[in-house]
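Just below is one structure, and these are the notes that go with it.
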Amino acid sequence: MTGKAIQQKLARLATGGRPRLLDLFSGCGGLSLGFQAAGFQVDGAIEFEADAARSHGLNFHGGDPKHIVARDITSVTPQALADDLGLGDVSMAFDVIVGGPPCQAFARVGRSKLREVADHPDAFRHDPRARLYIEYLNYVQACQPLVVLMENVPDMLNHGGHNIAEEVCEVLKSRGYVCGYTLLNAALYGVPQMRERMFLLAYHSSVSDRVEFPPPTHWIDLPTGYDGSRAVALKLLAGSNEESSYYRAPPVAQKPLPPAPTANEAIGDLPSIDARKLLAAGDLKRGARRFDKPVQHDTPAQLSEFAVKMRSWPNFASSGQIWDHVIRFLPRDYPLFARLKPGDQYPEAVACAEKMFEEALAALKLKNKAPRKNSPEWKRLRASIVPPYDPGKFPNKWRKMEKDKPARTLLAHLGKDSYTHIHYDSRQARSISVREAARLQSFPDGFVFAGTMNPAFRQIGNAVPPLLALAVAQVIRRQLSASGTSAEQASGRER
């Protein structure tokens, strides 16, 4: 039986109302941006991290004090949020709820650290962050949305022997929703990044009796590592004797779809930054990078289709200047970055650095100034050239991007270092800038990030790529439009 709130929401949409969105665990707003571009109205968000919450409020609400404040979903009730935002009865405030509970507890990369802290092999299962999806479901119960979308890392399908997506679907089904989940790769939807994520979509039964995900718009031959990660995520499903009624096979992309945008198509039009030249001139120093120095954003004779989108996104078009085209201070590594080949990772970087160290010793030997092996001077020289980490333990710590391919997955760890995305242009010899990271996630040039460089990198690495969000949002919008039309017709028959 359809509830009164659901009926009223359908009736509102039938008369042309825009779907109203609540973004939980919103971050800076990747999902919100994609949904806004599809015609949704972003009416509220909850984000615990202060800089990310401020970014969301600046971009979607013009800096309104009610919207830039950080909120903790565990202490802010749904009705309290509606009251704070002046939206009245929370059951009538939102038509769609989207969001991704923090993924750290689901991602395999974080489990070893949790084990070390708790000295227990199953400690990660009890991480409070892994329970935040329950708070998400509490908001669904209170808000009675027409549509629910949850996004997370693929490991959510295999979390400590539990398929969290299946469990969430069971809960939503008991509350009147039709559910499905799948894995989507951002590169298949026009994002210049090979980023795999789980998407769970649920419609109230009065809206639809089936769940569909967007067909790919682009094509790519993904590296084998992505197939391996997908297999690990799907291991529980593959080993189960019971067929999931919620899982949908990931959409398949094939030619003649256009190829996924490359790194060069994504960032090649942005102003060049010669790290070694800036360092030599004293214009690149240690310290916080603030976004207080604009860089002129010239327009080359030719722009890629992707670059045009990033410069002309409605409400977020380029102003002709960019304020966050800033890079990390990594003086030891700029010469090494210049010598790496595209696709090189940390073992190749260490081998290259060792060769550079031998060259430096040879040059000093010619001057009769070579330090004795293992002396303090020898160790200082080596440390000034060779990075210190064990290449056997950290093979993926570094990667030089490939110009003619989409980037590998951007992570929140960008907030600590950006060695996983070294610029493909050896003349610039540096890691990517904040604005380049934003481009690789498909954030348009007019989208602003609150805080300094490190928080901005973290916000970008945590975000859902807006172009991927747009593809999902368009499918939802079409379904809502169809259900709204049906509701209007039914109302007319009743009259």
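I'd like the residue in region 216-240 that is of a type in the set (Val, Ile, Thr) and in a helix (DSSP H, G or I) and, out of all such residues, is farthest from residue 254 (Cα to Cα).
Taking region 216-240 as the starting set, the residues that turn out to be of a type in the set (Val, Ile, Thr) are 217, 220, 224, 232.
Filter once more, keeping what is in a helix (DSSP H, G or I): 224, 232.
On the way: 224: 17, 232: 24 Å.
The extreme case among them is 232.
For residues in region 312-339 being in a loop (DSSP other than H, G, I, E, B) and hydrophobic (A, V, I, L, M, F, W, C), which is most open to solvent (accessible area, probe 1.4 Å)?
Keep residues of region 312-339 that are in a loop (DSSP other than H, G, I, E, B), which gives 313-320, 323-333.
Within this subset, residues satisfying the condition of being hydrophobic (A, V, I, L, M, F, W, C) are 313, 316-317, 323, 326-327, 329-330.
Working: 313: 20, 316: 9, 317: 55, 323: 112, 326: 26, 327: 6, 329: 50, 330: 25 Å².
Only one residue tops the list, namely 323.
Determine which member of the set 39, 34, 57, 63 is within 13 Å of residue 20 (Cα to Cα) and among the small types (Gly, Ala, Ser). Break it down stepwise before answering.
Values: 34 fails: within 13 Å of residue 20 (Cα to Cα); 57 fails: within 13 Å of residue 20 (Cα to Cα); 63 fails: within 13 Å of residue 20 (Cα to Cα).
Just one listed residue meets the conditions, 39.
Taking the residues in region 51-67 that are open to solvent by 30 Å² or more (accessible area, probe 1.4 Å) and touching a residue at least 24 places away in the same chain (Cβ under 8 Å) as candidates, determine which candidate is farthest from residue 314 (Cα to Cα).
51
Within region 344-358, identify whether any single residue is at negative phi, touching a strand residue (DSSP E or B) at 6+ places or on another chain (Cβ under 6 Å) and surrounded by 14 or more Cβ atoms within 10 Å (Cβ to Cβ), and answer yes or no.
yes
If I filter region 444-453 for residues that are open to solvent by 30 Å² or more (accessible area, probe 1.4 Å), touching a residue at least 40 places away in the same chain (Cβ under 8 Å) and of a type in the set (A, V, I, L, M), do I get at least one hit? Steps first, please.
To start, the set of residues in region 444-453 that are open to solvent by 30 Å² or more (accessible area, probe 1.4 Å) comprises 448, 451-452.
Keeping just the survivors that are touching a residue at least 40 places away in the same chain (Cβ under 8 Å) gives 448, 451-452.
Still in the running and of a type in the set (A, V, I, L, M): 448.
Scanning region 444-453 turns up at least one residue that is open to solvent by 30 Å² or more (accessible area, probe 1.4 Å), touching a residue at least 40 places away in the same chain (Cβ under 8 Å) and of a type in the set (A, V, I, L, M).
Looking only at residues that are in a loop (DSSP other than H, G, I, E, B) and among the aliphatic types (A, V, I, L, M) in region 276-311, which one is modelled with the lowest pLDDT?
To start, the set of residues in region 276-311 that are in a loop (DSSP other than H, G, I, E, B) comprises 282-294, 297-304.
If we keep only those that are among the aliphatic types (A, V, I, L, M) too, we end up with 284, 288, 301, 303.
On the way: 284: 92, 288: 86, 301: 83, 303: 96.
If we take residues in region 276-311 being in a loop (DSSP other than H, G, I, E, B) and among the aliphatic types (A, V, I, L, M), then 301 is modelled with the lowest pLDDT.
Hey, can you tell me all the residues within region 27-64 that are closer than 21 Å to residue 191 by Cα and of a type in the set (S, T, N, Q)?
32, 36, 59
Consider region 141-189. How many of its residues are touching a Leu at 6+ places or on another chain (Cβ under 9 Å), aliphatic (A, V, I, L, M) and assigned to a loop (DSSP other than H, G, I, E, B)?
The number of residues fulfilling the criteria is 1.
Give the residue, chosen from 213, 199, that is within 24 Å of the chain's Cα centre (by Cα) and in a strand (DSSP E or B).
Details: 213 fails: in a strand (DSSP E or B).
From the options 213, 199, the qualifying one is 199.
Please go through region 149-161 and give me each residue that is surrounded by fewer than 19 Cβ atoms within 10 Å (Cβ to Cβ) and either in contact with a Pro (Cβ under 9 Å, 6 or more places away or on another chain) or touching a residue at least 60 places away in the same chain (Cβ under 8 Å) (or both), ordered by number.
Matches in region 149-161: 161 only.
Identify, from the list 417, 390, 425, the residue that is modelled with pLDDT of 95 or more and either open to solvent by 30 Å² or more (accessible area, probe 1.4 Å) or part of a loop (DSSP other than H, G, I, E, B) (or both). Even if it seems obvious, please write down each step before you answer.
Working: 417 fails: modelled with pLDDT of 95 or more; 390 fails: modelled with pLDDT of 95 or more.
Matching residue, one of 417, 390, 425: 425.
Could you tell me which of the residues 385, 460 is more than 16 Å from the chain's Cα centre (by Cα) and not aromatic (Phe, Trp, Tyr)?
385
Under 9 Å between Cβ atoms, which residue pairs at least 6 apart in sequence (or on different chains) link something in region 86-114 that is in a loop (DSSP other than H, G, I, E, B) and at pLDDT 65 or above with a partner that is open to solvent by less than 10 Å² (accessible area, probe 1.4 Å) and of a type in the set (D, E, K, R)?
Within 9 Å, the pairs are 94/9; 95/9.
Report every pair of residues separated by at least 6 positions or lying on different chains whose Cβ atoms are under 6 Å apart, first residue within region 271-295 and surrounded by 10 or more Cβ atoms within 10 Å (Cβ to Cβ), second in a helix (DSSP H, G or I).
275/334; 276/334; 284/278; 289/453
Each row is one residue, and each column tells you yes or no for (1) farther than 12 Å from residue 481 by Cα; (2) polar (S, T, N, Q); (3) open to solvent by less than 10 Å² (accessible area, probe 1.4 Å).
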| site | (1), (2), (3) |
| --- | --- |
| 8 | yes, yes, no |
| 15 | no, yes, no |
| 23 | yes, no, yes |
| 36 | yes, yes, no |
| 42 | yes, no, no |
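The values are calculated or read from the model by the stated rules, or taken from the named source; none is laboratory data. Everything numeric in this text was worked out from a predicted model, so none of it was measured. All Cβ positions, even for glycine, are placed from backbone atoms using ideal geometry, and neighbour counts span all protein chains on display. With ligands, DNA and RNA removed, areas are computed over all heavy atoms of the protein, side chains included. Shrake-Rupley method; radii C 1.70, N 1.55, O 1.52, S 1.80 Å.
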